[in-house]
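Here the structure comes first, spelled out in structure tokens, and everything after it is commentary.
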Amino acid sequence: MSTALLSDDTPVVLAVDIGGTKLAAAVVDGAGRLLDQARVDTPSSDDPEQVFGALTAVIGRVLSATPLQPVVCGVGCGGPMQWGGEAVSPLNIGAWRGFPLRSRLTELVGLPVAVDNDAKALALGEGWLGAARGVPDYLAIVVSTGVGGGIVLDNRLLDGRAGNAGHIGHVVVEPQGRACVCGGRGCLEAEASGSSIEVATGLPASEASDAVRRRTGTLVGRAAASVANLLDLDLAVVAGSVALGFGAVFFDAAQEELDLRCHLDFSRSTRIVPAGLGADGPLTGAAAVGRRSVAAAPHRGEAA
């Protein structure tokens with residue numbers, strides 16, 4: 001089922017975004033409006049309960065502020081994870097390894113809980129209300145603290161065996177490149193994420209030079225080109241604080257790399273564009289995960 005086929009009277013969703021930098025929650029209505037929201041920095045702690053306690057506080061603030069009654073909780077969380085978020089091990093939240101996120105949240109909020117990878121959630125959100133609205137086939141990429149992705153084909157979000165399909169952050173873009181937190185080397189995440197840029201340059205990504213911004217765009221374009229050639233796509237939508245913060249320098253370099261590497265008849269017109277949802281993307285995407293579960297798609301891979 002296409003995201004466009006869901007009407008705006010979809011029940012209210014409690015949306016939760018879990019990342020290496022921040023934890024956020026919001027109440028989102030059927031039209032995608034974020035009506036009440038709160039956020040906090042993700043604790044730098046080795047204690048899994050301290051991280052969950054911070055998340056509990058954020059969710060509590062939102063639920064106590066809203067006059068509405070959500071009927072489902074949709075969650076976008078860094079991966080990898082077991083199917084449906086039964087256990088999550090976000091690479092950028094070291095305290096959570098095999099953390100039973102879905103069951104803990106179900107107990108906390110007393111609602112049905114749907115969990116998916118945060119970049120896949122972003123893909124759903126961009127297809128619902130963002131830069132991929134009305135497009136049946138596209139790639140979504142998040143370049144932030146880490147790098148993730150989601151792929152929609154024939155209006156269906158790809159899930160994969162354990163729900164981790166589309167994890168473009170671990171496509172190799174520099175074969176002899178930097179060591180990655182996943183255990184590999186030269187992955188896009190090891191070369192282009194905010195964390196890797198800070199390690200390599202000694203500066204936060206927000207202070208990166210134009211040369212670093214261009215290189216980051218080039219590497220993201222290189223990975224996107226491989227996916228476009230593989231899967232017959234002509235649109236890549238990119239979100240995340242690093243990509244959006246780097247701006248035109250990043251996107252121009254990414255498009256140049258796509259143009260250099262996409263020469264098949266079906267891929268030579270591939271475009272790479274900024275995500276349309278901006279800062280609201282992660283929470284809108286989490287809401288879309290909840291909407292998808294409410295839609296009760298009959299097939300595991302079917303998008304809301």
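Values in this text are rule-based calculations from the coordinates and carry no lab data. What you see is a predicted model; the values in this text were computed from it and never measured. As a convention, Cβ positions derive from the backbone with ideal geometry for all residues, glycine included, and neighbour counts pool all protein chains shown.
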**OP:** Per residue of the range 76-90, in order, report the coupling 6.51 cos²θ - 1.76 cosθ + 1.60 (Karplus, θ = phi - 60°) as ³J(HN,Hα) in whole Hz, putting x for Gly and Pro.
**Re:** x, 9, x, x, x, 8, 7, 3, x, x, 4, 8, 10, 9, x
Original post:
More than 15 Å apart: what percent of Cα pairs in the range 43-94 qualify?
Top reply: 59 percent
**OP:** List 154, 280 from most exposed to least, where exposure is judged by having the fewest other Cβ atoms within 10 Å.
**Re:** 154, 280
**OP:** Kindly put 33, 215, 291 in sequence by how many other C-beta atoms sit within 10 Å of each C-beta, fewest to most.
**Re:** 33, 215, 291
Original post:
In whole Å, how far is the Cα centre of the range 40-98 from that of the range 145-160?
Top reply: 21 Å
Original post:
Cα-based Rg (one decimal) and Dmax (whole number) for the chain, in Å?
Top reply: 18.0, 54
Original post:
Taking a ≥ b ≥ c as the square roots of the eigenvalues of the Cα gyration tensor of the range 131-276, is the shape rounded (a/c under 1.5), prolate (a/b larger than b/c) or oblate?
Top reply: prolate
**OP:** Give, rounded to the nearest 20 debye, the magnitude of the charge dipole that the chain has about its Cα centre when Lys and Arg contribute +1 at Cβ and Asp and Glu contribute -1 at Cβ.
**Re:** 220 debye
Original post:
Rounded to the nearest 5, what % of the DSSP beta bridges within the chain are antiparallel ones?
Top reply: 55 percent
**OP:** Provide the packing ranking of 232-238, 169-175, i.e. peptides ordered by the mean count of other C-beta atoms within 10 Å per residue, highest first.
**Re:** 232-238, 169-175
